[in-house]
Amino acid sequence: MKYLATLATAAVMLLSGCATTIHSNVTAFNDWPADIQDKGYAFEAPQGADDTLEFRNYQVLVANELGKLGFHQVSDNQQPKLLVGMKFFTIDHPVRVLQADDPFMGPYWGPGFGRPYYGWGYSRWAYRPFYYDPWRFGPTYVEERVKHQYQRQLRVTINNTSGRKLYDVTVQNTSTVQATPHVMPALVQSAFTGFPGQNGVPRNIDITIEPKTETVETKAAPKAG
């Protein structure tokens, strides 16, 4: 009895095959005291449906950035001096795009577009005329596609336990990257770049993030031969 085993290895790109630059607009307001000594903090408890594993994972990102600035998260039996709040949302904006195509020239994006044409043993440059003749070039096909723009906003606040507002930053980003976990580290880093920053002055911050990939291996069941 013979067994035929087939091993298939698929490289699944979870996000992107190359580095991505995240462009964010950041505006921070602060009333930060210069003489603050104790930077012990606790996170405000998320409410209701906001209390998700995703939310808590992003709190870890915020904690890491605060740690770089000398803050420390207090244990459950300690009284914090500061309270850190966080909110975020993602909105998908689908946009319908029409693409014209014809069998002679391929996709057409504007009048007078030139491209090489090869046929009958020679090559020449063929130019799309400003007036398109369907009898000469064949029918034009129009394909509708949907492109997605993902609008994201992250807001982080720091208040003292008496309610005094010390830091309030909003990070906004719009990109074609679908996965929020891929973008969020850059948004969090942008929120604390130059902390506490100029009061109420919008800034554009670009952060490059590396791709993440995962290799999935599947093995077919053996067959009798």
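Of all residues in segment 27-68, those satisfying the criterion of being more than 16 Å from Pro80 (Cα to Cα) and in contact with a Pro (Cβ under 7 Å, 6 or more places away or on another chain) are Thr27, Ala28, Asn30, Trp32, Phe55, Leu61.
Return the residue satisfying two criteria in turn: it lies in segment 189-225 and is surrounded by 11 or more Cβ atoms within 10 Å (Cβ to Cβ) and among the aliphatic types (A, V, I, L, M), and of such residues it is modelled with the lowest pLDDT. Only one residue fits best here, namely Ile209. Could you please give the count of residues in segment 155-187 that are touching a residue at least 40 places away in the same chain (Cβ under 8 Å) and more than 12 Å from the chain's Cα centre (by Cα)? The total comes to 15.
Residue-wise test of (1) at pLDDT below 95; (2) surrounded by fewer than 10 Cβ atoms within 10 Å (Cβ to Cβ); (3) in a helix (DSSP H, G or I); (4) of a type in the set (Gly, Ala, Ser).
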| position | (1), (2), (3), (4) |
| --- | --- |
| Glu144 | yes, yes, no, no |
| Gln153 | no, no, no, no |
| His182 | yes, no, yes, no |
| Leu187 | no, no, yes, no |
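One residue stands out among those in segment 1-33 that are assigned to a loop (DSSP other than H, G, I, E, B) and at pLDDT 85 or above: the one that is farthest from Gln178 (Cα to Cα), which is Pro33. For segment 161-180, which positions are small (Gly, Ala, Ser) and part of a strand (DSSP E or B)? Matches in segment 161-180: Ser175 only.
Go through segment 70-87 and give me each residue that's over 25 Å from the mean Cα position of the chain (by Cα) and outside any loop (DSSP other than H, G, I, E, B). Lay out the reasoning, then the answer.
Pass one, segment 70-87, residues over 25 Å from the mean Cα position of the chain (by Cα): 70-83.
Result: His72, Gln73, Leu82, Leu83.
Among the criteria (1) closer than 16 Å to Tyr167 by Cα; (2) open to solvent by 40 Å² or more (accessible area, probe 1.4 Å); (3) not in a loop (DSSP other than H, G, I, E, B), the one Tyr41 does not fulfil is (2). Take Gly67 and decide whether it is over 20 Å from the mean Cα position of the chain (by Cα), surrounded by fewer than 14 Cβ atoms within 10 Å (Cβ to Cβ) and under 16 Å from Ser190 (Cα atoms). Criteria met by Gly67.
Any residue that is surrounded by 11 or more Cβ atoms within 10 Å (Cβ to Cβ) and of a type in the set (Gly, Ala, Ser) - is there at least one of those in segment 47-57? No, every residue in segment 47-57 fails to be surrounded by 11 or more Cβ atoms within 10 Å (Cβ to Cβ) and of a type in the set (Gly, Ala, Ser).
The values are calculated or read from the model by the stated rules, or taken from the named source; none is laboratory data. It should be emphasised that the depicted structure is a prediction, and the values quoted were computed from it without experimental measurement. Note that each Cβ is placed from the backbone with ideal geometry, even for glycine, and that neighbours are counted across all protein chains shown. Just the protein is used for accessible areas: all its heavy atoms, side chains included, with ligands, DNA and RNA removed. Shrake-Rupley method; radii C 1.70, N 1.55, O 1.52, S 1.80 Å.
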